[in-house]
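Just so it is clear, none of the values below were taken in a lab; they were calculated from the coordinates. Values in this document were obtained by computation on a predicted structure and should not be read as measured data. No Cβ is skipped: glycine too gets one built from the backbone with ideal geometry, and neighbour counts run over all protein chains shown.
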Amino acid sequence: MVTLVNLTPHSITLRPPSGPDIVLPPDPRGPARLVSSKCRCPPRDWAGFPVPLQEQAPVPTSVVGLPGQKAGVFYIVALLVLSSPLLAGRGDVLAPGTGPDEGVIREGGQVKAVTRLIARIRGV
């Protein structure tokens, strides 16, 4: 038996190929988030942009709100969190498949349901 824990700030509806939708409410512990270092270079004005631009993206330094691995438990997080190199080796972390080629179901531009989850590690 697999347990899915939703560590995003909103409900996720999974739509399997057969069977009813599975609705996963957000976990009461709150969402998993990346903590990033502050950029040491100040924003500067660039011609044509209405606000200053930062020349370097922040670097993720830690993940908060993600429990340790537990047999049979998979954690669903935002794709940005899943993509972090800090999670290399974590085969228990997944993200909703919301890309244009991932079978996402939208209504009025909003995600209604997802038909697949994305894994960082092959074979999960």
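Can you give the convex hull volume of the alpha carbon atoms of segment 49-124 per residue, in Å³? Could the numbers behind the result be given before it?
Numbers: hull volume 12.6 nm³, N = 76.
Taking the convex hull of the Cα positions in segment 49-124, it is 166 Å³ per residue.
Nearest-5 percent of antiparallel DSSP beta bridges in the chain? Can you show the working numbers first?
Values: 14 of 21 bridges.
About 65 percent, rounded to the nearest 5.
Shown is the FRET efficiency for residue 79 and residue 54, computed with R0 = 22 Å from the Cβ-Cβ distance and rounded to the nearest 0.05: 0.55. Note: relative contact order over the chain, using C-alpha pairs below 8 Å and six or more positions apart, is 25 percent. Build a GNM of the chain with springs between Cα atoms under 10 Å apart, and of 106, 90, 33 the one that fluctuates most is 106. The label point for residue 22 and the one for residue 88, both projected 7 Å from the Cα toward the Cβ, are 3.0 nm apart.
Which of the three applies to segment 1-93, rounded, prolate or oblate, going by the alpha-carbon gyration tensor with a ≥ b ≥ c and a/c under 1.5 meaning rounded? Verdict is prolate for segment 1-93.
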